[in-house]
1. Once you charge only the Cβ atoms, +1 for Lys and Arg and -1 for Asp and Glu, what is the size of the charge dipole of segment A:2-135 about its Cα centre, to the nearest 20 debye?
2. Could you work out, residue by residue across B:21-31, how many beta carbons of other chains sit within 10 Å of that residue's beta carbon, and then give the average as an integer?
3. Which residues in segment B:51-77 place their backbone N less than 18 Å from a point set 7 Å from the Cα of B:A43 along the Cα-to-Cβ direction?
4. Angle between the Cα long axis of helix A:109-164 and the longest principal axis of chain A, 0 to 90 degrees, nearest 10?
5. List every residue whose amide H lies under 5 Å from the amide H of A:C27, counting only residues 5 or more places away in sequence or on a different chain, with H placed 1.01 Å from N in the peptide plane.
6. Among the lysines, which fall within straight-line cross-link reach of A:K23, defined as a Cα-Cα distance under 26 Å, with same-chain neighbours fewer than 8 residues apart omitted?
7. Which one, B:A106, B:A57, B:A46, has the greatest fluctuation when you compute a Gaussian network model over chain B with C-alpha springs under 10 angstrom?
8. To make sure I understand the rule: partners must be aspartates and glutamates, Cα under 20 Å from the Cα of A:K301, and not fewer than 8 residues away in the same chain. Which ones qualify?
Amino acid sequence: MNTVLIIDDSDINLTLIKALVLKLGECQPVLHEDPLKALEWCRENVPDLVIVDYMMPGMDGLRFISAFRALHGRNEIPVLMITASDQKDVRYEALLGGANDFLTKPVDRVEFSARVRNMLMLRQGQKFLADRARHLEDLVDERTSEIRDRERELIFRISRAAEFRDPETGAHIQRMAHYSQIIARGLDLEASKLKLILEAAPMHDVGKIGIPDYILLKPGKLTFEEFEVMKGHARLGHELLKDSRSEIMQAGAEVAISHHEKYDGSGYPHGLKGQAIPLFGRIVAVADVFDALTSERPYKKAWPLEDAVRFLEEGRGKHFDPLCVEAFLAGWDAVLDIRRRFQDEEVPMI
Amino acid sequence: MADAFVLNRQNILERLGGDEEIYTMMLDMYLQDLDANCASLSAAIASGQAIEIRREAHTIKGLLATFSDDRGAAAAYVVEQQAKAGDMNGLAAAAATLETRMREVAMVLAAARCPG
């Protein structure tokens, strides 16, 4: 059904045009004597065709078209202007002002029907193209979403592969990823970054794949040399991911190489200090350490929460970015919720 | 205006695509709105506002043209153009003549509406 807006201060013209529009079929006429009220109507409604008289009190047809075209999304809607045959100057002005065609008074049904049908076909064409564009957009979104889901699943599984070689669990990567997101949210990062850190954080220890078992799984304390090898996992993770064209993999590479840096410059592998450490690295450092402390491992008991919080607070400005610690503690309720959702026995997908 | 109005039903119907229903509706509306249209023209003349006179003359031009009254529409056009030029000289008389013409058209239409 096409909505045809008719604006004319003359009752007889309104009635005549309405009758002619109804004769066309599939049309719903909307009548307005007052162009200002018609414009108000147009703010809330989108007609498929506008038929407007030229000479009206308050606002003439030219000014109406100009105001109508200025409304958002009304730029391409066909407008027919009704003029007398002697008003050539008005026709020129209307064409320049945004009218698509004219109707001559007195109205002739054959001419009227042909012009209105043409305008409605133009409108149908516009709608068809817009619908198709929207459909294609939806299709692309759907496919992109599928690819992204597969990418996320792949990342999760790669990350778990690394974790399987480690006493840490799959639930650890879920918790630390969500903790990272809580911190990012507390830092007011934009929505796309919140999503990105959730997806990239699980890859922080992916480089452990390249660490020999005798070091990675050693129950006792590592020697200096062994620890040096162990530290290599940060670079290995970065090497593994850095050349990817995927935004998530690139963020993962950044997290892998920077999550053991410390705010005071005493971390590894580069000994970066303060803001020189990538933000995602500073965020993940807090999330990863907190979860490692508060989780039970074969070689250690889980720390009480208050002890872990104290560790973070005491590490402000030394190990950790103070703003990241603050953001983490500010999201404490969410932290507790994540701990409840992702327990070591069960590992749901992110 | 010397020539009396003669209703050319065939011509009007042709323009309306032979639709008797719309034709009858138009006649009814003209008769129904006649007094209001005449009053608006008089009020415009009384106001002395050229823009008002121009607009009312324009409306009447359209109305009379709808009923194929070329003479009446031409007279309305003269008033419209004179008002547009801001020349108020003799407009009141021209408007009175126009009103007479509108009423004359109405009489013919009314007779056509109820031929009995």
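Every read-out reported here was derived from the displayed coordinates using simple, explicitly stated rules and does not represent laboratory data. Quick caveat, the model's predicted, so the values are computed rather than measured. Ideal geometry is used to build each Cβ from the backbone, glycine not excepted, and the neighbour counts take in all protein chains shown.
1. 560
2. Across the residues of B:21-31, the mean count of other-chain Cβ atoms within 10 Å is 3.
3. B:51-61
4. Helix A:109-164 and the main axis of chain A meet at about 0 degrees.
5. A:N2
6. Counting by Cα, and skipping residues close in sequence, A:K23 has these lysines nearby: A:K37, A:K105, A:K127, B:K61.
7. Per the Cα network of chain B with a 10 Å cutoff, B:A46 tops the list.
8. The reachable aspartates and glutamates, counting only those whose Cα sits under 20 Å from A:K301, are A:E163, A:D166, A:E168, A:D288, A:D291, A:D344, A:E345, A:E346.
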